[in-house]
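Q: I'd like to ask some things about the structure below.
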Amino acid sequence: MLQATATITRPSSSGSSHDQDPDSRQDDHHTPSASEDWGIVPSACTACRGKHLKCDGGHPCSRCQGHGFLCYRKYCVEGFFHFFHKSHPFLHPREHAIEMLRRRPVLHLETAMCCIGSQYVSTTLTANFALELETLLASPDIPNDGFLVQALLLFAIGLDGNNEQTKAFQVLSQTQKLAIRLGMHQNDFATLNSEGSKVLEESWRRTWWELYVVSGLISGLHQISTFHLCGITTTVGLPCEEDMFRSGSIPTPHTIDEFDNHPFTNENLEWSSYTYRIAAVRNLGRVLQSQEAFPDNQLFDRVENQLANWRLHLPNSKQEYFDLSGQVDELLFQAHMITHVSAILLHRQFSQLNTSASQSITSCAPHARGAPGSHLNGIHTVRTVQSATDITRLISLPGSLVKHTHFFTCAIALASIIHLSCWSVSNSIDEGHDLEGLVRMSIGGLKAMANVWPSAQKVLSQVTRVAQEIFVNCISVLNVPLWNALEDKDIESFAEGENIGNDFQFQ
């Protein structure tokens, strides 16, 4: 489990021209280091501290080097690219990244990669890498630059996946401020800092957009923060397709304005899966921004139309979830997931659903109460239930579930709340059976992801507990032949949460 022992907080910005002017750069006479700007105190590594041994503060320390810790770094970097990179592809592709790190080591970024990769390789190493990362961030030699933004973004994602949502939000908030201060939301940042490399230039663009996407996901799925980046004007070019990024054959990027205007032009432009993911998060931001203004029929219709237009303007090549090689397109997968989440958040508050039965499922977001009864409408219920079903069906797509973004965990939790709410009041045998199947699939998906992410384990425990209660209640209330025909072992299997999810892949 990733456990960060240092508190990362930026000092007060009063009197600082940098915080007042997002485009201002570093002082001509002094380049602030990460330790100054992030308030992190170095500490001994986990291995030395656990054995009460003196640590020389190396990265890694000499004792760790002597015990083969460097070999583990390689395994963890490989784990990062094999399991994680496709779900958040803003760093260089594997071959380019290894070459870059060999040519010019960026140790804090490499260590952040190891923190993430160790989740898949050996979680016993994660705390070591987290502490090493903290020590590196405390070094006076690390400047505030794009590589620091990348390392901190990885750190925030890892914290969130390890049930440290508050700290993840704090790190993400400070990362946003640093990125804006560096000018990463402006197109010229990628060009000026590319060092003549098209791959590095594309990586910088993706770093901004990944920060945008992750910020939207945390705001939408956790409901604890405002999606501030949604209101930032950006001129950053849109990302290319993944095969172009991997090959290094990167075309001149299009802009978000071109994307918005393309239905009204004669140009036959193709947009990357990453672009549709960005557009989906932008719609999520619109839903979040407009929630406080409801009930406003005109505004509601506008946001609903934007969600519908996202689907209607998907080209044939993006209608399915697969790329040209037949593999699940992770970014397109996330784009659809985000759109289904947006639909639930838009319609749920006006639906006729009573979610009191699932109110204890709060690991991802606080329990949401519906709107006043005068605004309830059956169509909102239908849209909410359909979107929840669409999220759950994503679990059944071929491929390894652990290679999906860990944020899928909270999407499953959101869908499970809807399924459980419907199941708790269902009087139909067939409907109850269908809902049980959806809940069982959700639990199976969470079990698979819980092998890697503690956040999934927490959601799994909460969803399973509610499902057990509803299942037992259904047996006692619906005293009909279908329920009576169930064998004791079937009831025990569900009620005890055993043998659920064995068909889901972990590879």
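The values are calculated or read from the model by the stated rules, or taken from the named source; none is laboratory data. Small disclaimer: the values here were computed from a predicted structure and weren't measured. Please note: Cβ atoms are built from the backbone with ideal geometry, for glycine as well, and neighbour counts cover all protein chains shown.
Q: Taking helices (runs of 4 or more DSSP H) that do not extend beyond region 35-136, which have at least 2 residues that are at pLDDT below 80, over 24 Å from the mean Cα position of the chain (by Cα) and among the hydrophobic types (A, V, I, L, M, F, W, C)?
A: 46-50, 69-79
Q: May I ask you to list the residues in region 212-265 that are farther than 25 Å from residue 327 by Cα, surrounded by fewer than 19 Cβ atoms within 10 Å (Cβ to Cβ) and among the polar types (S, T, N, Q)?
A: 223, 225, 226, 233, 234, 235, 252, 255, 261, 265
Q: Take the conditions of a type in the set (Val, Ile, Thr), assigned to a helix (DSSP H, G or I), over 24 Å from residue 272 (Cβ atoms) and at pLDDT below 95 and apply them to residue 226. Does it pass?
A: no
Q: Could you check residue 194 against (1) surrounded by fewer than 23 Cβ atoms within 10 Å (Cβ to Cβ); (2) touching a residue at least 12 places away in the same chain (Cβ under 8 Å) and say which number it fails?
A: Of everything listed in (1) surrounded by fewer than 23 Cβ atoms within 10 Å (Cβ to Cβ); (2) touching a residue at least 12 places away in the same chain (Cβ under 8 Å), residue 194 misses just condition (2).
Q: A further question on this structure: Sort through 426, 442 and tell me the only one that's crowded, with 23+ Cβ neighbours inside 10 Å and at negative phi.
A: Unique residue meeting the criteria: 442.
Q: Ok, one more. So residue 281 ticks every box in (1) in contact with a Pro (Cβ under 8 Å, 6 or more places away or on another chain); (2) touching a residue at least 40 places away in the same chain (Cβ under 8 Å); (3) part of a helix (DSSP H, G or I) but one. Which box is left unticked?
A: Answer for residue 281: the failing condition is (1).
Q: So which of 176, 170 is crowded, with 22+ Cβ neighbours inside 10 Å, in contact with a helix residue (DSSP H, G or I) (Cβ under 9 Å, 6 or more places away or on another chain) and not charged (D, E, K, R)?
A: Details: 170 fails: crowded, with 22+ Cβ neighbours inside 10 Å.
That would be 176, the only listed residue that is crowded, with 22+ Cβ neighbours inside 10 Å, in contact with a helix residue (DSSP H, G or I) (Cβ under 9 Å, 6 or more places away or on another chain) and not charged (D, E, K, R).
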